[in-house]
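Presented below is the structure to which this report refers.
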């Protein structure tokens, strides 16, 4: 039975279709439109499709760039995390070597109340507040009670990790925003494809089978998910009605 509600709605709206298929299908559809010798009759839908494709491509480029940047950011964060932990290990050893038993016990309890493992075993997200708290504790201790250069070296080494984490979090936020923009644009893309479908059906109203050639079955045929072969990029040239 004909699903009139589907035909009168967004034909290409499909919750199960992967975004990768929609993306590839949109670009492929645009190439087919441009390649067809339409004599200017498709200019309007080509212009509308180009605008959508350009915006979609811009968003996907931002996502890809963000992913690449995040990979570098993760590597930098890993390096700076290890640098920060090494500083905490050296600090622990320096405090543990203090000759004043009372001062040694006080400072170790202040900076390492649960031992060195509270830092070395912490996950990345948990380490951020721990290091912030460490620096706050450090600022409250008189310099005379600490080993030479203890505060300066600690601040420098922990600051590198903080900078790397801030950049990484910013990169993640940028990529997330781009993904949300792409998701929000999906209805606009499927609506465009539906409008193009009906425009093409009107143009090829006596040879409507040609319309299929503008939509790659690999990406759009719901009953042929494993289709490998497909119509050529340029549909067969059959003069349309009124052409």
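Read the figures in this text as sums done on the coordinates, not as results from a lab. Given the structure is predicted, the values throughout are model-derived calculations rather than measurements. With ideal geometry, Cβ positions are generated from the backbone for all residues, glycine too; neighbour counts draw on all protein chains shown.
The angle separating the long axis of helix 124-140 from the principal Cα axis of greatest extent in the chain is about 30 degrees. Taking the centroid of alpha carbons for each part, the range 148-212 and the range 67-129 are 35 Å apart. For a modelled paramagnetic label at residue 106, 7 Å from Cα along Cα-to-Cβ, the residues of the range 144-158 in reach, with backbone nitrogen under 19 Å, are 144-151.
Angle of helix 19-35 to the longest C-alpha principal axis of the chain, folded into 0 to 90 degrees and rounded to 10: 40°.
Express the relative contact order of the range 16-220 as a whole percentage, based on alpha carbon pairs under 8 Å and six or more residues apart in sequence. All intermediate terms of the calculation are to be shown ahead of the outcome.
Values: 117 pairs, mean separation 82.9, N = 205.
Dividing the mean separation by the residue count of the range 16-220 yields 40 percent.
For the chain, the longest principal axis of the C-alpha atoms and the axis of helix 43-96 are separated by about 10°. Taking every DSSP helix (H) stretch of at least 4 residues in the chain, weighting each as -39,500 (n - 2.57) and dividing the sum by the residue count yields a mean residue ellipticity at 222 nm of -23500 deg cm²/dmol. Taking Cα Rg over 2.2 N^0.38 Å as calculated from this structure, the corresponding entry among [x] 1.39; [y] 1.72; [z] 1.08 is [y].
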